[in-house]
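Single-structure report; data block below.
We did not get these values from a lab; they are worked out from the coordinates using the rules stated. Here the structure is a predicted model, which means the values were calculated and not measured. With ideal geometry, Cβ positions are generated from the backbone for all residues, glycine too; neighbour counts draw on all protein chains shown.
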Amino acid sequence: MTEPRLNLFENEIGARFAKRFANAGMVVMQSSLPHATQELVSLRASQINGCGWCIDMHTKEAAAAGETAVRLHLVAAWRESTVFSEAEQAALAFAEEGTRLADAYQGVSDDTWAQVRKHYDDDQIAALVCLVALINAANRMAVIVHQQGGSYEPGMFTAAMS
């Protein structure tokens, strides 16, 4: 197992940034974008980015909030599953395209945008845009410092930021 290179939560600058980052995340959490959708989107982006810490966190937070094991196990193969609503599928496609910017020169496709528009209002779309940006930033920070997954307990991040 690789030890983390730096504990951002114990570093003064890292801790100050984490609190502000968490405050930005609270705007999304308190939005009308369904919480289950938020966790699924965060989990999918984290899977794409290979972020063990964030996969661990969002899987456990989703489960603690009542998400089923079947749905959590199928997030990586959501296109080949029957357990996600059309709205969730649109959000997952948005998360993938918004995460894989280097692979998709256009970013989020017009088709995906139309599907998101069909299922979400402007406030929810704004929250979705911010969520994809935030989770990608969180993934990058955790992967850069080698923050390992496995030890997260539900509510841990929120408690640390209080």
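A few points about this structure:
- 0 to 90° range, to nearest 10: angle between helix 35-49 axis and the chain longest Cα axis: 70
- Between the Cα long axis of helix 52-64 and the first principal axis of the chain there is an angle of about 70°, rounded to the nearest 10.
- Inter-label distance for Val145 and Leu101, nm, one decimal - labels placed 7 Å from Cα along Cα-to-Cβ: 2.2
- Potential extension, Ala64-Thr158 segment - 0.36 nm per residue separation minus Cα distance: 32.5 nm
- Stretched out straight at 0.36 nm per residue, the stretch from Asp110 to Val27 would grow longer than its current Cα-Cα span by 27.3 nm.
- Peptides 110-121, 42-53, 82-93, 6-17 ranked from most to least packed by the mean count of surrounding Cβ atoms within 10 Å: 42-53, 82-93, 110-121, 6-17.
- Whether segment 1-62 is rounded, prolate or oblate, judged on the alpha carbon gyration tensor where a/c under 1.5 counts as rounded: oblate
- By the Cβ rule of 4.7 Å, the chain holds the following cysteines without a possible disulfide partner: Cys130.
- Among Ala18, Ala138, Ala62, residue whose mean-square fluctuation peaks in a GNM of the chain (springs only between Cα atoms under 10 Å): Ala18
- Mean-square fluctuations from a GNM of the chain, with a 10 angstrom spring cutoff on Cα atoms, peak among Ile125, Ile55, Ile135 at Ile125.
- The structure-derived value of mean projected area of the Cα convex hull in nm² appears in the list (1) 9.7; (2) 13.5; (3) 12.5 under the label (1).
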